[in-house]
Amino acid sequence: MGAETLVNNGEAKAPLILGLQPAALIDHVARVDWSLLHQIPGERGGSIPVEFKELEHILSELKKHILTSVDDPSPMKTMAGGSVANTIRGLSSGFGVNSGMIGAYGDDEQGQLFVSNMNFTGVNISRLRKKTGPTAQCVCLVDAYGNRTMRPCLSTAVKVQGDELTKDDFSGSKWLVMRYGIFNLEVTQAAIRFAKLEGLSVSIDLASFEMVRNFREPLLKLLKSGDIDLCFANEDEATELLRGEANASPEAALEYLSKYCRWAVVTLGANGCIAKHAPEVVRVPAIGETKVVDATGAGDLFAGGFLYGLVKGLSLEECCKVGSCSGGAVIRSLGGEVTPENWQWMYKQMQIKGLPLPDIRN
């Protein structure tokens, strides 16, 4: 199905899955050597917001520190980014699920790039608002081992506000996908209110260990509200959630999350994932046959695969297995977008595991 048909039909048929990403975001993803990472303040591996001047400085320094490899001739890629955008784009282009985005983009080159990238991959963009101002950008620095360090520049970027959302944005959809973020708490709460009124299930990703560490109380309040149906956390975020508890293991975090969410998932990187739904707990290993070029988007694409499984009515274990296939596909190349050949790789892995393939083939 071409992108055009989805956009045209999208008006008549509401997206099955909606992603709320208040600010459109452009990712500049590059493989770099250690010396650049040493120059940049903040912990390696984390995500720390920067001002525009620092973003420009990092981008100019990048040219001197880029690593080229035989497998990947283009050491830097610029693409639509953001956790939710990665999940929604994957659901649309790799799994053929009718998906849409709610958010705002700027009246600049980056904003145009975001919209055309999402549109090209079949995402319904009718709920994206164009605003006067800059589009958010993020530099993703990837080391030789595929580990990523993020420096987002969001402070002056345009974003959608809670009072701009309407019932029509959510009407007819089944799932709302979001990422926890303190700067978006007001719009998140507004979206949840509409979602619940319109009968949508709500999925949230815990974003980063810094976000959980620094803004734990509002997060716990959100979880305890009972409005979150599905929660994704990685190992660091899970541990941070239970910081100070006698047992802060991923298993304990899974147990804690499942008290408030119908589905709880903790991803464990190379060790796969654990998930819980009602009394059922499953542990699924990571997909072994993959090479890690860049871990960017692994959790986002895992979430996409898991959600595909849920809307297809698959079992908890199968949902995790699909997630491990799609998460395994995105880390085989730079950035949070799966390449056509890696979608093919994923379909093959799904076939081997006896999982139902999407109705589309790239």
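The values are calculated or read from the model by the stated rules, or taken from the named source; none is laboratory data. Since we're looking at a predicted model, the values are computed, not measured. Neighbour counts run over all protein chains shown; Cβ positions are idealised from the backbone, glycine included. Side chains are part of the model used for accessible areas, which takes the heavy atoms of the whole protein and leaves out ligands, DNA and RNA. Shrake-Rupley method; radii C 1.70, N 1.55, O 1.52, S 1.80 Å.
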Measure of compaction for region 148-206 (Cα Rg per 2.2 N^0.38 Å): 1.24
Over the chain, volume per residue of the alpha carbon convex hull, in Å³: 128
Quarter of Cα convex hull surface for region 255-308, i.e. mean projection, nm²: 4.2
Relative contact order (%) - region 117-169, alpha-carbon pairs under 8 angstrom, separation at least six: 31
Accessible carbon and sulfur surface of region 208-362 relative to its total accessible area, %, 1.4 Å: 51
Rounded FRET efficiency, nearest 0.05, which uses the C-beta distance separating K167 from K221 and R0 of 22 Å: 0.35
Approximate shape of region 222-289 as ellipsoid semi-axes (Cα gyration tensor, √5λ), whole Å, largest first: 19, 15, 10
If the convex hull is drawn through the Cα atoms of region 132-175, its volume per residue in Å³: 128
Where N is the number of residues in region 54-123, Cα Rg divided by 2.2 N^0.38 Å: 1.35
Length-normalised contact order of region 69-196 in % [C-alpha pairs under 8 Å, at least 6 apart]: 20
Extension reserve of the E109-N271 stretch, reckoned as 0.36 nm per residue once the Cα distance is removed: 54.3 nm
Relative contact order [Cα under 8 Å, 6+ residues apart], the chain, whole percent: 17
By average C-beta atoms within 10 angstrom, highest first, the peptides 326-339, 231-244: 326-339, 231-244
DSSP bridge pairs, the chain: antiparallel proportion in percent, nearest 5: 40
Å² per residue, accessible surface of region 239-300 at 1.4 Å: 47
Alpha carbon Rg of region 266-362, scaled by the compact-globule rule 2.2 N^0.38 Å: 0.99
For region 98-252, radius of gyration divided by Kirkwood radius, i.e. Rg to Rh on alpha-carbons: 0.98
